[in-house]
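All remarks here apply to the structure that follows.
Since every read-out is calculated from the coordinates, none of them should be taken as a lab result. Please read these numbers as outputs of a predicted model, since none were measured by experiment.
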Amino acid sequence: MALVGLCTASSPPRVSWAAFRIDYPRAVNSKPCRKRISVIRAEVNFVSGDEAKRLVDEEGYTVLDVRDKTQFDRAHIKSCHHVPLFIENNDNDLGTIVKRTVHNNFAGLFFGLSFTKLNPDFVKSVKEKFSPDSKLLVVCQEGLRSTAAANRLDREGFENLACITSGLQSLKPGTFDSEGATELQNAGKAGLVTVQGKISAVLGTVLI
């Protein structure tokens, strides 16, 4: 028995691979037995913002937003579906309380990041909304969570998956119609960093 793997890459980034398992002939009760099993896995496409827009408008892809609720509420693509890969961590064991306190005093305060944990029902929730042959454009803010989410869905048999390279932060203004208090590309910015930015802008204007 042999396992043969094939992997190809092209530009723009596109990852595809296939695995084949082949059982070579062997004798059973003095009779040759031939058996071949082939398994082909789906592929995850990594596309630009403009290509993502085309996939939605022309090829019928549905947008699946996997960001946490905080970023989703700041701005999201109209008519998208929201299933967060990470959810807010409200566990009350001692270790989690310590980690949450440290997080909130640093990353939470300065960058407005929520303290989260992996959503144990992520795959189940997606399966309740979509069939494995659905065309899904999986999006997040920076491109990391969408990649992780797409890989999980790929392992669960979803066949048509695409992600935006570098995430929503890389979109040109107006690429997608959106809802929320800010632009899609700025939905990851919050906390004291944004306040500092506004103060610097005001001071710069005054000095000029």
Mind checking the full-extension length gain between residue 177 and residue 88? Use 0.36 nm per residue of separation minus the Cα-Cα distance, one decimal, nm.
29.3 nm
Is there a pair in 127/172; 78/135; 135/189; 78/127 whose C-alpha atoms are over 26 Å apart, and which pairs would that be?
127/172; 135/189
The long-range amide H neighbours of residue 62, using H built 1.01 Å from N in the peptide plane and a cut-off of under 5 Å, are 135, 136, 137
